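Notes follow once the structure below has been shown.
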Amino acid sequence: MSEKQPGMISRMWCVLTSPAKAALGVLLLSGFIAGVIFWGGFNTALEKTNEETFCISCHEMRDNVFAELKETVHYSNRSGVRATCPDCHVPKEWVYKIIRKIQASKEVWGKLTGIIDTREKFLNHRGVMAAREWARMKANDSRECRNCHSMESMDYTEQGSRGFKEHEGALASGEKTCIDCHKGIAHELPDMSGVEGWDG
């Protein structure tokens, strides 16, 4: 006669009454729960910083670049589609979004130190900020523009002759990206004279 196998409850009781195994189980379960809470909190905070209300919560952005955006087709247009700050300045893909958030720490430092806390300081520093953002967009092939706009999907016949010619040439060459021609599309163009390393 074979020995009777212990039931599931008996096996669980043995595991739970073994101090080393119970401690390991509690540790693993606690780590898993802490990880879920951390990840949920991190993603919630990340998404909150990707809202336009967060972007314009400081007066430097609200009173300067956001005020300019409100006068453009990206803010109000016949189709009712509005581009918000994160649509143009924060990548959608998670890895690129995290990289951009790390880069944005320089902007937080600028807020804390008051580099642009008055209109005059903002205008004096604007060329440097614009050059940095344009270089970032050039380097990533205007990734954020392409979230909404696709050269391949454009109906060139609906564009003016100049737009038709420029877009067709840019698509054919593959060398230009959106920001090469559309620097003033959502914000006023700054005075770039005196911006170190800027050649246009």
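Here Arg119 passes the criteria (1) in contact (Cβ under 8 Å) with a residue 40 or more places away in the chain; (2) surrounded by 14 or more Cβ atoms within 10 Å (Cβ to Cβ) except the one numbered (2).
Pairs meeting the criteria (first residue in the range 65-79 and within 21 Å of Gly127 (Cβ to Cβ) and at pLDDT below 95, second residue surrounded by fewer than 18 Cβ atoms within 10 Å (Cβ to Cβ) and among the hydrophobic types (A, V, I, L, M, F, W, C), beta carbons under 9 Å, at least 6 apart or on different chains) are Thr72/Ile185. Within the range 41-64, the set of residues being within 26 Å of His125 (Cβ to Cβ) and hydrophobic (A, V, I, L, M, F, W, C) comprises Phe54, Cys55, Ile56, Cys58, Met61.
Yes/no matrix, rows are residues, columns are (1) part of a helix (DSSP H, G or I); (2) at pLDDT below 90:
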| position | (1), (2) |
| --- | --- |
| Ser2 | no, yes |
| Gln5 | no, yes |
| Trp13 | yes, yes |
| Leu28 | yes, yes |
| Val36 | yes, no |
| Thr44 | yes, no |
| Asp63 | yes, no |
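Among residues belonging to the range 142-153 that are over 15 Å from the mean Cα position of the chain (by Cα) and of a type outside the set (Gly, Ala, Ser), point out the one that is surrounded by the fewest Cβ atoms within 10 Å (Cβ to Cβ).
Restricting attention to the range 142-153, the residues satisfying the condition of being over 15 Å from the mean Cα position of the chain (by Cα) are 149-153.
Filter again for of a type outside the set (Gly, Ala, Ser), leaving 149, 151-152.
Values: His149: 12, Met151: 15, Glu152: 5.
Within the range 142-153, the match that is surrounded by the fewest Cβ atoms within 10 Å (Cβ to Cβ) is Glu152.
The values are calculated or read from the model by the stated rules, or taken from the named source; none is laboratory data. As the structure is a computational prediction, the values presented were derived from the model and not from experiment. Here Cβ is always computed from backbone atoms with ideal geometry, including for glycine, and neighbour counts include all displayed protein chains.
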